[in-house]
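Structure record follows, encoded as C-alpha cells.
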Amino acid sequence: KFEIFNLDMKTGNTLKVKGKVSCDADNFSINLGCSSSDLALHFNPRFNESVIVCNSRCSKVWQTEQCDNHLCFSRGSTIKIVIEMLSDKFQVKLPDGHEVEFPNRHSYDKIKYMSVKGGFRVTSFKL
C-alpha cells in the first residue's frame, strides 16, 4: 500500500503514476480524495473481470460504480497512468491513449489524499 496525506492536487493539475502490475494481481486501485473514507476517484482495474471500475466514496459509503470495458494492460506489465483533474470530472489516460472519464461528484477543487492498493507497485509519480 502506497499512501500520501499531503498531496496538493488542484483543478487543472495532472498526476502521472508509473509502476508495475504484479503477475498475480486480481486488481489494484488508485484512490484520490480528502481521506480514505472520502474519495473523489477510485480507479480500479479488475483483471478477473476484464473491466475498469471507477467510483467515489462519501463518509465511508461507496456510490454508484461506473464500468469501462477497455482494460488495455495486463498482469506483469509496466504502465503509466495519467490522471487530469478538471472542475467537473477526472480524465484518466490509459497506456494506449484511451481515456476514461469520471465525474467529480463531490466538486472537489483540491485533493490531498492519494493511495495505491492491490497488485501494483508504484515506481514513480509526478504531480
What does the charge add up to near E49, with Lys and Arg as +1, Asp and Glu as -1, over the other residues with Cβ less than 15 Å from its Cβ? -1
Correct choice for Cα extents along the principal axes in Å that was computed from the model, options (1) 67, 25, 17; (2) 131, 23, 22; (3) 35, 29, 26: (3)
If you roll a 1.4 angstrom probe over the protein chains with everything in place, what fraction of the accessible area of the chain belongs to carbon and sulfur, to the nearest %? 44
In a GNM of the chain with a 10 Å cut-off on Cα contacts, which of D24, D68, D109 has the highest mean-square fluctuation? D24
Find the accessible area per residue for segment 1-107; the probe is 1.4 Å, ligands and nucleic acids are left out, and the unit is Å². 49
Excluding S74 itself, what net charge comes from residues whose Cβ is under 14 Å from its Cβ, given Lys and Arg +1 and Asp and Glu -1? -1
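The values are calculated or read from the model by the stated rules, or taken from the named source; none is laboratory data. The model shown is predicted, which means the values in this text are computed figures rather than measured ones. When we count neighbours, we look across all protein chains shown, and the Cβ atoms used for this are built from the backbone with ideal geometry, even at glycine. What goes into the accessible areas is simple: the full protein's heavy atoms, side chains included, and nothing from ligands, DNA or RNA. Shrake-Rupley method; radii C 1.70, N 1.55, O 1.52, S 1.80 Å.
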